[in-house]
Amino acid sequence: MNLTDQQKKQLETKGISEEKLLQQLDRFKSGFPLIKLDRPAVINDGILSFKDLDDKKLIALYEQEVSKLDVIKLVPASGAATRMFKFLHEFLNNFDPQEDSLNGYININKAPELFTFFIGMEKFPFYKTVIKSLKQKHKDWVSKPVQAKKILFIEEMLLDSGFNFGSMPKGLVPFHEYKKHTATAFEEHLFEASIYAKSGQVAQLHFTIAPAFKDHFTKEFEHIRQIVEKKTNTKFDISFSFQSSSTDTIAVNNENKAVVLENGDLFFRPAGHGALLNNLDQLDADLIFIKNIDNVTTSAYEQHVCSYKKLLAGYLLQVREEMFKYLQLLEQKNVDLELKITIEKFLTQHLDTVLPHDYKKYAYEYQLEYLFDQLNRPLRVCGMVKNEGEPGGGPFWVENEKGELSLQIVESVQIDSNNKKQQSIAAKATHFNPVDLICSVRDHHGKKFDLMNFCDADTGFITYKSRNGIKIKAQELPGLWNGGMARWNTIFVEVPLVTFNPVKTVNDLLKSAHQID
C-alpha cells in the first residue's frame with residue numbers, strides 16, 4: 001500500500017507501524033481461523049460447581065490472606081450508555097406526535113420494551129430528578145396531556161438540552177435510588193470493592209474509560225468519596241486508563257482496500273475489548289478482579305454477591321499455592337517418578353489440562369519441561385452462570401490446530417455459522433460468561449508475566465459495519481477474556497445467577513436486583 005506523508009505521520013502519531021498496518025490488511029484477505037469446538041464445558045466436565053467447594057473454608061482463607069496481598073479491581077467502563085437507551089432513541093426519531101398515539105405506535109412497531117418503560121417510569125432511579133427539572137422548565141406541566149409529558153420525559157433524559165444520559169458513559173448513569181440519594185454504577189463498584197477487594201484499609205480500583213470523560217469520572221469520585229469512605233471505612237485508590245490508539249485497527253471496503261477519510265487520513269476503529277489486554281498488562285498485583293461496569297446490584301444484595309467473589313478468590317489462592325510448590329520443585333530438578341505423577345494429576349484434575357497425545361513418548365526430562373511450562377502461566381478463575389439465553393460468550397472445550405484440547409471462553413461470532421455440527425455443539429452450552437474473573441498474573445518468584453505472550457493472535461474476528469451508508473469491514477483483536485487469555489491456566493466455577501445483574505437496557509433497572517424495597 002502506498003502511504004501519503006500525511007498517513008505516515010498519522011501512523012506515527014497513533015503508534016502503529018507500517019508493518020502492523022500491512023498485517024491487518026492481510027488479515028482481511030486471509031481471514032481469521034474459526035474456533036473448533038469439541039464440546040461444551042459442563043458441570044463435572046470443565047466446570048466446577050460452587051456447591052462442591054468448601055465455601056466457609058475458602059472464604060476464610062481469602063479473608064485471612066487478603067491483607068498480605070496486592071489486590072486491584074479492574075472495571076472496563078469505556079462504553080457509552082447509547083445501547084442502553086437505543087429503543088428510546090428510535091422512538092424519538094420515529095414517533096410523530098401529530099399523527100401517532102403511544103399505544104398505536106407500540107402496537108404497530110411491536111415495541112413491548114417501550115410499553116414496559118412507560119409502565120415502570122416511576123420506578124427508575126432518575127424519575128424524580130427528571131420530573132423536578134421538567135416542572136421547573138414547564139410552568140404548565142400539571143396541565144399538559146399525558147402523551148406530551150411522556151415524550152418530554154424521554155427528551156429530558158436523553159438529549160443534551162437535559163440530562164444527556166444517552167451520550168454519557170454507562171458508569172455515570174444513575175442506577176439505584178436510595179432514601180437520600182441515587183447511586184451510579186461507578187459508585188456501586190466502590191461499595192462492592194470495599195467488601196472483597198480491600199487490602200488493609202485500601203481498595204484499589206482501575207477503570208478503563210474514554211478519554212473525553214476522565215473529568216466526569218474524577219468529579220463523580222470527588223463528589224461521593226467522603227461519604228463512601230466513611231460508610232465503608234475504606235480508602236479508595238482510583239486510577240484510570242484509556243484504550244491506546246496503537247490498538248486501533250484499519251477499516252476496509254468490500255475490496256479490502258483501506259478506507260480513506262475525506263481529509264486524507266486512514267479510517268481506524270477501536271478494536272473491541274481485546275484492546276484492553278494492554279491496559280490489563282500494565283497492572284501489577286497479586287490478584288486482579290475483573291467485572292463489567294454494568295454488573296452491579298443494590299446494597300441489599302451486595303454482601304451475598306460478594307461472598308462468591310471471596311469464594312472464587314479463596315479457591316484461586318488454594319490452587320495457586322499448590323502450583324507454586326510444584327514449580328519450585330521442578331525448578332530445583334527435585335522430581336522423582338512419584339512426584340511427576342502427582343503433578344500430572346494436579347494438572348489434569350485441578351486445571352483441566354489435557355496432556356498431549358504423545359506425552360508418554362517424551363523423554364523424562366522433556367516431560368518435566370512440559371509440566372513446568374504448563375504450570376508457569378497466568379491463572380484465572382472464572383465464574384460461570386447458567387445459560388438463560390443472554391447474548392455473549394460461553395465456556396467450551398476447544399481443539400487447536402495441533403489437536404490439543406483446552407478450556408476457552410468463546411464468542412458466537414468465532415463459531416462457523418455454516419457448520420451444523422459446530423452449531424449443534426454451541427446450542428448445547430449450559431453456561432454463560434458473565435465476565436466475573438479473578439486473575440493471578442505473577443509467577444512463583446513474584447515477577448509479573450508478560451501477558452502478551454499468552455494471547456492467541458489468531459482468535460480475532462472480522463465485523464461488518466457501515467459508514468455514511470457504505471458497507472465497510474472492521475477487525476477486533478482477540479477478546480480480553482477470549483483469545484487474549486487463550487494460553488492462561490483456566491478454571492471455570494459455576495456461580496448462582498444472583499451474581500449476574502447486568503443493565504443492558506434501561507428496563508433492566510426495573511428488575512429486583514436494582515430496586516430498593
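Only the coordinates and a few stated rules stand behind these numbers; no lab work does. Predicted model only: the values in this text are computed from it and were never measured. Every residue, glycine among them, receives a Cβ derived from its backbone with ideal geometry; neighbour counts consider all protein chains shown.
When each of the peptides 257-266, 27-36, 302-311 is scored by the mean number of other C-beta atoms lying within 10 Å of its residues, the order from highest to lowest reads 302-311, 27-36, 257-266. Within a straight-line Cα-Cα reach of under 16 Å, K309 can be paired with the following lysines, leaving aside sequence neighbours fewer than 8 residues apart in one chain: K51, K56, K57, K73, K198, K291. In a solvent-free Debye calculation with one equal scatterer on each Cα, what is log10 I(q)/I(0) for the chain at q = 0.06, 0.11, 0.12 Å⁻¹, listed in the order of the q values? At q = 0.06, 0.11, 0.12 Å⁻¹ the computed log10 ratios are -0.33, -1.08, -1.26.
Peptide packing for 292-299, 158-165 was compared via the average number of neighbouring C-beta atoms within 10 Å per residue; ordered from the highest value, the list is 292-299, 158-165.
Taking the C-alpha atoms only, the angle from helix 337-350 to the longest principal axis of the chain is near 20 degrees. Across the range 86-167, the mean sequence separation of Cα contacts (distance under 8 Å, 6 or more residues apart), normalised by length, yields a relative contact order of 24 percent. Can you compute the FRET efficiency between L497 and D160 using 1/(1 + (r/R0)^6), with r the Cβ-Cβ distance and R0 = 35 Å? Round to the nearest 0.05. E between L497 and D160, to the nearest 0.05, is 0.40. Among the trypsin sites (Lys or Arg not before Pro) in the range 330-424, those placed in a DSSP loop whose Cβ has at most 15 other Cβ atoms within 10 Å are K333, K402.
Given the range 86-167, what count of lysine pairs have C-alpha atoms under 19 Å apart, with each pair 8 or more places apart or on different chains? Final tally of qualifying lysine pairs is 22. Ranked by how many other Cβ atoms sit within 10 Å of their own Cβ, fewest first, the residues W141, W488, W481 fall in the order W141, W488, W481.
Of all lysines in the structure, those lying under 29 Å Cα to Cα from K9, and not within fewer than 8 positions of it along the same chain, are K20, K29, K214, K257, K465, K471, K473. When Rg and the Kirkwood radius Rh are both evaluated on Cα atoms of the range 239-353, their ratio Rg/Rh stands at 1.17. Compared with the dominant Cα axis of the chain, that is its longest principal axis, helix 364-375 is turned about 20°. A crude spin-label estimate for the pair S17 and A212, with each label 7 Å from Cα along the Cβ direction, gives 3.2 nm. Using C-alpha pairs under 8 Å with a sequence gap of at least 6, the mean separation divided by the residue count of the range 439-517 gives a relative contact order of 22 percent. Projecting label points 7 angstrom from Cα along Cα→Cβ for D373 and Q332 puts them 2.5 nm apart. Restricting the trypsin sites (Lys or Arg not before Pro) of the range 72-116 to loop positions (DSSP other than H, G, I, E, B) with no more than 12 neighbouring Cβ atoms within 10 Å leaves K110.
Sorted fewest first by neighbouring Cβ atoms within 10 angstrom, M323, M157 come out as M157, M323.
Report the paramagnetic label zone for E63: residues of the range 273-311 whose backbone N is under 19 Å from a point 7 Å from Cα along the Cα-to-Cβ axis. From the range 273-311, the list is 300-311.
Across the chain, C-alpha contacts under 8 Å between residues 6 or more apart give a mean separation that, scaled by the residue count, equals a relative contact order of 25 percent. Among D96, D70, the ranking by other beta carbons within 10 Å of each residue's beta carbon, starting with the fewest, stands as D96, D70.
Building the convex hull from the alpha-carbon atoms of the range 86-167 and averaging its projection over directions returns 5.4 nm². The listed peptides 169-180, 58-69, ordered by packing as a protection proxy, come out as 169-180, 58-69 (highest mean of other Cβ atoms within 10 Å first).
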